[in-house]
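The values are calculated or read from the model by the stated rules, or taken from the named source; none is laboratory data. Since the structure is predicted, the reported quantities are computational estimates derived from the model, not experimental observations. Cβ placement follows ideal geometry from the backbone for every residue including glycine, while neighbour counts extend to all protein chains displayed. For accessibility, only protein heavy atoms count, side chains too; no ligands or nucleic acids. Shrake-Rupley method; radii C 1.70, N 1.55, O 1.52, S 1.80 Å.
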Amino acid sequence: MAGKTLYDKLWDSHLVKQQDDGSCLIYIDRHLLHEVTSPQAFEGLRLADRKPWRIDTNLATPDHNVPTTADERVIGVDGIADPVSKIQVVTLDDNCDEFGITEFKMQDERQGIVHVVGPEQGATLPGMTVVCGDSHTATHGAMGALAHGIGTSEVEHVLATQCLIQKKSQNMLVRVDGVLGAGVTSKDVVLAIIGVIGTAGGTGYAIEFGGAVFEEMSMEGRMTVCNMAIEAGARVGMVAVDQTTIDYVEGRPFSPKGEHWELAVAAWQDLHSDDDAEFDHVVVLDGASIAPQVTWGTSPEMVLPVFAQVPNPAKEKDDVKAAGITRALEYMGLTAEQAITDIQLDRVFIGSCTNSRIEDLRAAAAVVKGKSVATSLKQALVVPGSGLVKAQAEAEGLHTVFTDAGLEWREPGCSMCLAMNADKLGTGEHCASTSNRNFEGRQGFGGRTHLVSPAMAAAAAIAGHFVDVRTFA
Amino acid sequence: MQAFTQLTGLAVPLDRANVDTDMIIPKQFLKSIKRSGFGPNLFDELRYLDEGQPDQDSSQRPINPDFVLNYPRYKGAKILLARDNFGCGSSREHAPWALLDFGISCVIAPSFADIFYNNCFKNGILPITLMDEQVDQLFEDTLAKEGFELTVDLEAGVIRGSSAGDIEFNIDSFRRHCLLNGLDDIGLTLEQSNSIKKYEQKRQQQAPWLFT
């Protein structure tokens with residue numbers, strides 16, 4: 001019999017019961033909550049007079065709606081100018097208070113984007129099942145956990161039963177061999193992967209990211225990669241546990257301590273795919289051949305190396321694809337075969353659950369240090385992923401590197417990634433963004449998003465258009 | 001949850017791949033803390049010419065006459081015909097809530113994004129996956145005849161009305177059972193409380209650090 005994949009092991013260890021029809025009851029170790037997808041779930045509990053099954057597995061923080069200006073934040077919840085946003089944040093606070101759920105409220109230094117906060121606190125650990133009413137929950141798979149996004153009905157289901165009814169996915173291995181070139185980051189790796197397999201390539205699969213590139217990658221980098229598994233269609237992305245994982249987890253507030261730490265580390269040694277494990281699908285990329293990436297269209301798979309030209313629909317043989325290219329070029333205001341480096345930018349956004357961790361901010365700061373943002377730019381925003389990331393960045397003096405260069409230094413939250421708060425693009429504006437989705441209207445009505453790494457976004461902020469960060473000085 | 005057994009209605013063809021959940025319901029409408037009222041803002045950026053805001057009277061807004069849902073011939077459609085990877089992107093359940101509130105309770109496509117697909121079943125919406133050629137056929141049927149109606153019979157697993165004859169479809173048996181009977185799956189899971197407790201006891205011995 002073939003060995004087990006990491007996904008098989010995580011699945012088997014959380015299987016409560018398999019029904020005759022093949023559906024499975026899976027136990028959930030950690031449930032993360034935010035203000036957008038939880039209010040209807042709490043309301044459902046109240047209507048059915050149900051109580052949460054295990055309070056201590058839940059951890060909440062508001063992130064999508066919170067303002068990121070210091071002026072609004074200093075006043076607290078009452079300072080949220082948008083009354084509808086305010087209701088959602090207040091509702092999360094009230095629900096967590098009522099049910100006794102631990103919440104890092106808006107003015108708590110530990111508040112932040114839920115997918116930054118979980119790992120930072122040690123609240124998401126190797127070997128756990130982690131869910132959240134947010135599709136970027138795959139981020140936590142970087143810890144060697146089984147993590148995926150759920151809808152609001154399932155948020156209610158997890159609150160009430162600590163379980164989910166699931167069908168097992170198939171196993172996919174995405175292996176990136178070799179060594180990345182200088183200036184090429186985890187974001188470029190995951191964008192290149194999506195470019196190869198497409199936005200639906202991972203549908204129905206749990207993706208394990210393996211190979212030398214991921215073995216050498218930091219935890220922050222692995223989180224960036226797993227975060228965007230959903231952009232390749234896979235609900236689950238994960239990386240095997242190694243010493244990098246264990247070093248990252250040790251000593252965090254929610255991490256096991258003392259005797260439990262020893263037991264946990266011993267158990268985590270098995271959290272990798274067996275040598276003889278069989279995958280249903282394997283994709284292999286060469287790390288050395290990956291260049292800095294830029295999305296040019298309205299789907300993450302519409303991505304190219306920075307030195308390329310946007311496609312010409314007349315050269316596409318498939319009619320549906322050609323129509324898709326034409327529509328995307330029109331929405332993005334680009335002409336066929338235009339050089340990516342000729343795309344002029346209006347705004348730059350460095351932040352989001354994909355790229356707002358300390359390593360991302362260091363990479364961006366290294367590029368802008370001693371330089372100035374292009375005068376043609378309307379705005380360049382840096383939004384740290386959590387209060388603790390912000391504090392760390394300020395301790396390192398990164399905030400003054402940014403502000404000296406003309407970038408704005410903000411309070412933590414999801415911000416312009418999905419523009420539920422006041423940070424958004426105007427119609428027709430082009431944005432170099434370190435976020436995860438370039439869908440039509442994602443960052444604001446009529447806004448045009450180009451996904452890039454933090455270093456590429458920083459270089460674009462200085463130049464006013466895209467440049468190859470490898471040769472930018 | 002409303003049970004889904006059989007549905008007969010107009011089908012509206014949305015000829016576009018990779019329709020994402022931001023397109024189905026833009027983020028400014030996610031600020032509601034209710035499950036209902038999203039229908040007027042379904043496909044908001046495609047349906048209207050202006051930028052929509054929450055708590056706005058959408059009947060007063062300029063509509064986009066070129067968007068298929070606005071064509072008079074598809075008024076009152078109950079079935080949405082779509083292309084590959086429908087519902088990709090975020091996990092927002094507001095997407096199926098908006099479809100349902102608009103009056104659509106069945107989506108037919110060659111493929112769906114996983115989370116959206118799953119969210120449909122929690123809300124009495126039936127997502128049906130068919131082969132490319134079958135979906136093409138239904139698009140052709142819809143375009144060929146104004147007032148073209150389909151009947152979706154979940155009990156029998158058959159779509160009736162296509163010019164090419166009956167089309168069979170498969171739905172996972174547990175989901176089919178819940179949909180046919182309008183079952184609340186939290187209630188079903190709570191019937192397994194003893195199994196969950198037994199699992200927790202065993203797990204606590206193996207991994208005590210998860211129970212502190």
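Some observations on this one:
- Of the residues screened, B:D172 is not one that is at the interface with chain A (Cβ under 9 Å from one of its Cβ atoms), touching a His at 6+ places or on another chain (Cβ under 7 Å) and not aliphatic (A, V, I, L, M).
- Identity of the residue in segment A:419-443, facing chain B (nearest Cβ under 9 Å) and farther than 21 Å from A:D71 by Cα, that ends up farthest from the chain's Cα centre (by Cα): A:T427
- Pick from segment B:41-61, criterion open to solvent by 60 Å² or more (accessible area, probe 1.4 Å) and in a helix (DSSP H, G or I), ranking: farthest from B:S162 (Cα to Cα): B:Q60
- Filtering A:L285, A:L263, A:L329, A:L334 for residues that are part of a helix (DSSP H, G or I), modelled with pLDDT of 95 or more and within 30 Å of B:T21 (Cα to Cα) leaves a single hit, A:L329.
- Whichever residue in segment B:1-40 is aliphatic (A, V, I, L, M), in a loop (DSSP other than H, G, I, E, B) and in contact (Cβ under 8 Å) with a residue 40 or more places away in the chain and, among such residues, is most open to solvent (accessible area, probe 1.4 Å): B:M1
- Each residue in segment B:191-202 was checked for being at the interface with chain A (Cβ under 7 Å from one of its Cβ atoms) and part of a helix (DSSP H, G or I), and 3 pass.
- Scope segment A:456-473; condition open to solvent by 10 Å² or more (accessible area, probe 1.4 Å) and either hydrophobic (A, V, I, L, M, F, W, C) or in a helix (DSSP H, G or I) (or both); matching residues: A:I462, A:A463, A:V467, A:V469, A:F472, A:A473
- Number of positions in segment A:232-278 that are open to solvent by 20 Å² or more (accessible area, probe 1.4 Å), over 15 Å from A:L10 (Cα atoms) and of a type in the set (G, A, S): 3
- Single condition A:H430 does not satisfy, out of (1) touching a Lys or Arg at 6+ places or on another chain (Cβ under 6 Å); (2) farther than 19 Å from A:T375 by Cα: (2)
- Check on B:L188, open to solvent by 30 Å² or more (accessible area, probe 1.4 Å), within 13 Å of chain A (Cβ to nearest Cβ) and in a loop (DSSP other than H, G, I, E, B): no
- Among the criteria (1) open to solvent by 10 Å² or more (accessible area, probe 1.4 Å); (2) within 10 Å of another protein chain (Cβ to nearest Cβ); (3) aliphatic (A, V, I, L, M), the one A:A81 does not fulfil is (2).
- Checklist (1) within 14 Å of chain B (Cβ to nearest Cβ); (2) at pLDDT below 95 applied to A:H115, failing item: (2)
- Residue among A:E411, A:E394 that alone is within 25 Å of A:T61 (Cα to Cα), under 20 Å from the mean Cα position of the chain (by Cα) and either more than 14 Å from chain B (Cβ to nearest Cβ) or surrounded by fewer than 22 Cβ atoms within 10 Å (Cβ to Cβ) (or both): A:E411
- Flag for B:L143 being away from chain A (no Cβ under 12 Å) and in a helix (DSSP H, G or I): yes
- Within segment A:201-235, being touching a Phe, Trp or Tyr at 6+ places or on another chain (Cβ under 7 Å), hydrophobic (A, V, I, L, M, F, W, C) and farther than 17 Å from A:S435 by Cα holds for A:A206, A:M219, A:A234.
- Filtered residue count, segment B:62-97, keeping only those that are away from every other protein chain (no Cβ under 14 Å), under 30 Å from A:G133 (Cβ atoms) and part of a loop (DSSP other than H, G, I, E, B): 2
- Unique match (being open to solvent by 10 Å² or more (accessible area, probe 1.4 Å), closer than 27 Å to A:S135 by Cα, touching a residue at least 12 places away in the same chain (Cβ under 8 Å) and of a type in the set (A, V, I, L, M)) among A:L361, A:L334, A:L388, A:L381: A:L388
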